[in-house]
1. Taking neighbour counts of Cβ atoms within 10 Å as a proxy for exposure, in what order, fewest first, do 160, 110 appear?
2. For region 9-240, which semi-axes, largest first and in whole Å, follow from the square roots of 5 times the eigenvalues of its Cα gyration tensor?
3. In what order do 8, 185, 157 fall by count of nearby beta-carbon atoms within 10 Å, going from fewest to most?
């Protein structure tokens, strides 16, 4: 399989950071390593080993997912240099995913990066969407992969934004913005809330309690409605199953 030319680190970060972060939070929710990993060397060893394990698992899953998707022609194959950069990004992302449950400063830092990545992805996806909305234009499997990646970007962006709003309210001793739990439970609750909100399910077990939180949730609902409507409209035109040739080196 021929690989395209290597991408810049910034381009790779913008494209894959939020997906990596999504996988990181998912692993923290289904594999609570902090409950199962025990060390006799004390608190420091535990809280250094657990985020590293989460980052390593995240990196392995992302690398495998990319290789599998490239073989199935859902996405372009990465250059070997890109895979090394991607491994570094996912490792760091898995570590950040652990620490945002304990440190408000880490929450704000990750939130800023997630929002920046989301804005860059919106700009990139808007150009792609303009082409797909042309008359008689059919989406390819790679376009569907772009859709899925963009939607995951939105989910993780609103997850971190809601988590940050809740952290800010708690830090200022204000009324809790959402009825999230504490620590890892807050991450799981925020991710769960964004998924059920953006998929229009909305069970009502978690709700916004402040004006700012309600404004963000309203924006989240409107955004998901628009994106889902566009995606469904494009998909119902049909899917072009012809394989696209990958750029050669």
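1. Fewest to most other Cβ atoms nearby, the residues stand as 110, 160.
2. In descending order the semi-axes read 30, 24, 14 Å.
3. Ascending Cβ contact count within 10 Å gives the list 8, 185, 157.
Every read-out reported here was derived from the displayed coordinates using simple, explicitly stated rules and does not represent laboratory data. Note that this is a predicted model, so its numbers are computed, not measured. With ideal geometry, Cβ positions are generated from the backbone for all residues, glycine too; neighbour counts draw on all protein chains shown.
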